[in-house]
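Inspection log for the structure reproduced underneath, given as structure tokens.
FYI, it's all coordinate maths here, none of it is from the lab. Since the model is a prediction, treat every value here as computed from it, not as a measurement. A quick note on method: Cβ atoms are made from the backbone with ideal geometry, for glycine too, and the neighbour counts reach across all protein chains shown.
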Amino acid sequence: MKKNLVIVESPSKAITIEKYLGKDYKVVSSKGHICDLATSGKGGLGIDIENDFKPTYRVSKEKKDVVKELKSLAAKSDKVILASDPDREGEAIAWHLARELGLSTEDNNRVTFHEITKPVVLEAIQDPHKIDMDLVKSQETRRMLDRIIGFKLSKLLQNKIQSKSAGRVQSVALRLIVEREEEIRKFKSEEYWTIGAEVKKGNSTFHAELTKVDGKKPKLANKEQAEEILAKVQDQPFVVSSITNRKKSKAPKLPFTTSTLQQESSTKLGYGARKTMSIAQKLYEGVDLGGTTTGLITYMRTDSTRLSDLFVQETENYIESEYGSDYKGQAHKKNSENAQDAHEAIRPTSINYTPETVRPYLTNEQFRLYSMIYARTLASLMADAKFNVTSVKFLDNGCEFSASGQVLIFDGYSRVYSKYEKQTDTLLPVLKEGEQMNRVEIKGDQHFTEPPARYTEAKLIKELEEKSIGRPSTYASIIDTLQKRGYVTLDKVSETSKTKYFQPTDQGELTNQKLQEFFKKIINVEYTAEMEKDLDNIADGDEDYIQFLKTFYADFEPLVEKAYQDMPKKELERVGRTCPDCGGELVYRNGRFGKFISCINYPTCKYTENADDSLNELEKEEKICPECGNRMTIKKGRFGPFWACTGYPECKHIEPLKAKAKPEPTGEKCPECGHDLVRRVSRYGKSFVGCSNYPKCRYIQKAPKAKKEEEASETSTPTEQTTQES
């Protein structure tokens, strides 16, 4: 008996959805994109620019078996339903699947799931629609832009200055980081002073700050000016001149978008953007809740703060039942100008899935992220927090001092969100107008203006979103790319600091300098933001994508030609030795995994060696490959140096540089499955305690508080993003 075939992106999602749909459906995964632009044709672009930018697609090498299996299943099925993710990338995947499987784009064979729950999946499967070709054109245009800019600029920079790559959004993000560093270098610190009073009444002590002198805001640039004011107020009456009482409300924050989730996860949980999206993906695709698999959050790639009417009603009833009618607020929606609003905000699929009820089924990282998403969504529909605020002014010989205090009188949304917001009451004693304060200590404090802070990951993401650069779904891969290319580092500025900041490397600054010198018209914030609007217009069917590409290319290609002509080539740094194979000079080059030494006559001579002297000493051991007998050499890879056979690619034998340490038993048992706990070393050299039953049990023992976040980050394994910039 034939079945209906449903194709989704993720294998874990396929398992969950097949359980919902029952025996008449078979659900399989495409494992993300199956096609990409070919690397053939003029310039290896896979785009026929002279023929209206006609793209050529090829099934990815690693996906050929997947596509073969999908074709076989499709031929045996009554109907094929394309259920890739509900965004532009997902729409493009559905279109590529339709092309490869011989499906018509005029048929209603496309469904989207905004959350992986049984009612939503069953409802969606009954309402299929056509593939949205406007969304496909928008994604295709973005991909071609990234290919043209990425390939052409990368090839140029590799040839001229040995930089590894450039990209439409990547290079603008690099520009922001470099410009901030330049601001810091140019900044000149200036001295200024403030004058404050410590006032005591009874057992209460509070602070008042000098705000006016003879009715004007004071400007105290040095110690002499501060001492002049202090001389006026010392031993003078400190009198209460006015007291103002008012009520203040504080509204809850809006539900999470992709960007705000990444920012808050970074600052509150210590998770990077890629790690956050990896955890969120698992929560979206489905978690086994004791025999029933269900998605716990809605789709996590969204720029909308909208919540569905059904969810709002369900949550309002929950708030009234759990906290009382006084705690009911209202749904707020404030999307950015550039928001697509294709999906809801990131929210729990049901308000009844409280963090406490699902905790037994989640890893620690999943629980922490889900708890924050749940609390943020619930709080967004609760009433404002209310405060009594008191402002007091004091006069002392023509000098006005101000103090303020506030008291929480109704907790409102903070009842559930106080864990993620710092809120403390500032109390003032009971005061009366005309009252003279006798116990007052007044002093001046010296300060110096500080330069703007470097970007943290959260601040950079916020800046990219506010300036409409790229899409939030791509921020994680952009940040990763900048670090992998060696353009920036993300480090703590001191041993005592817990926060990591971006700093450009010398190569990053050189790359930005050359891009700004020759491509300032293209690689800038305004142009990139305007391009996002054009892509949105294409998605809405309001702009012709071929004409858009023609206009872009007419601006871009002359800049490339001029750069090839005028950009000077960076001289390779000489090592001071000759190549043992051909006698040419040895030079330093930058490779995918860092600096290395090679022959200046490359590619005619392919001799290489490590730039690290300690590795060269180790290589003198003349290690022999146990499989083919060839000499082994030390290569650098993604996770550091390793031994590799020189007979590659015929022999692919490799060995770790050092023997992998065996897990060391701790004598304790895993609280989740009962197996032994062992001490391991992560691929980054960090020590941690985990379950010996890994990967079936992924329990990791909490580190001491000071190291907790760092080690949690080091032991995660993020999944690959489906959207990457060239």
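Projected onto the charge dipole of the stretch 340-440 (+1 at Lys/Arg Cβ, -1 at Asp/Glu Cβ, origin at the Cα centre), which of VAL430, MET372, GLY405 gives the Cα projection farthest towards the positive end?
Result: MET372, furthest along the dipole toward the positive end.
Farthest toward the dipole's positive end in the chain, which of GLN126, THR305, SER692, given Cβ charges of +1 (Lys, Arg) and -1 (Asp, Glu) about the Cα centre?
The Cα lying farthest towards the positive end belongs to SER692.
What residues qualify as long-range amide H neighbours of CYS35, i.e. H under 5 Å apart, gap of 5 or more or another chain, H built at 1.01 Å from N?
Under 5 Å from the amide H of CYS35: SER60.
Taking amide hydrogens as modeled 1.01 Å from N in the peptide plane, which residues meet the under 5 Å criterion relative to PHE256, leaving out close sequence neighbours?
ILE346
Simple spin-label model, 7 Å along Cα-to-Cβ: SER204 to ILE654 in nm?
Output for this residue pair reads 6.8 nm.
Suppose every Lys and Arg Cβ carries +1 and every Asp and Glu Cβ carries -1, with no other charges. What dipole size does the stretch 165-291 come out with about its Cα centre, to the nearest 20 debye?
That gives a dipole near 520 debye.
Between GLN236 and LYS223, with labels modelled 7 Å along Cα→Cβ, what's the label distance in nm to one decimal, could you check?
2.3 nm
Could you compute Rg(Cα) / (2.2 N^0.38 Å) for the stretch 4-131, with N its residue count?
Computed over Cα atoms of the stretch 4-131, the ratio equals 1.11.
Which aspartates and glutamates does LYS386 reach when only Cα atoms under 13 Å apart count, and residues fewer than 8 places away in its own chain are ignored?
Output for LYS386: ASP326, ASP411, ASP425.
Return the loop-located GluC sites (Glu not before Pro) in the stretch 100-157 (DSSP other than H, G, I, E, B) with at most 16 other Cβ atoms within 10 Å of their own Cβ; answer none if there are none.
Sites meeting the loop and neighbour criteria: GLU106.
Using alpha-carbon pairs under 8 Å, 6+ residues apart, how would you state the relative contact order of the chain in percent?
Across the chain, relative contact order equals 14 percent.
Sort 245-258, 205-218 for me by packing, meaning the mean count of neighbouring Cβ atoms within 10 Å per residue, highest on top.
The packing order, highest mean first, is 245-258, 205-218.
Placing unit charges on C-beta atoms (Lys and Arg positive, Asp and Glu negative, everything else neutral), compute the dipole magnitude of the chain about its Cα centre in debye, rounded to 20.
1660 debye
Around THR298, which amide H atoms from residues at least 5 apart in sequence, or from another chain, sit under 5 Å from its own amide H, with H modelled in the peptide plane?
ARG347, THR349
Report, ordered by chain and residue number, the lysines lying within cross-link reach of LYS201, taken as a straight Cα distance under 19 Å and ignoring same-chain residues fewer than 8 apart.
Correct list for LYS201: LYS393, LYS432, LYS443.
What distance in nm separates the two pseudo spin-label positions at HIS332 and SER404, each 7 Å out from Cα along the beta-carbon direction?
1.8 nm
Structure shown: which of LYS498/LYS623; LYS212/LYS498; LYS188/LYS467; LYS186/LYS275 lie over 32 Å apart, alpha-carbon to alpha-carbon?
Checking Cα-Cα distances, LYS498/LYS623; LYS212/LYS498; LYS186/LYS275 exceed 32 Å.
Using only alpha carbons, build the gyration tensor for the chain and give me the equivalent ellipsoid semi-axes, biggest first, whole Å.
Sorted largest first and rounded, they come to 50, 37, 29 Å.
Ranked highest first by the average count of other Cβ atoms within 10 Å around their residues, in what order do 159-171, 31-43 fall?
By packing density, highest mean first, the sequence is 159-171, 31-43.
If packing is taken as the average count of other Cβ atoms within 10 Å, what order do 404-412, 347-355 fall into, highest mean first?
347-355, 404-412
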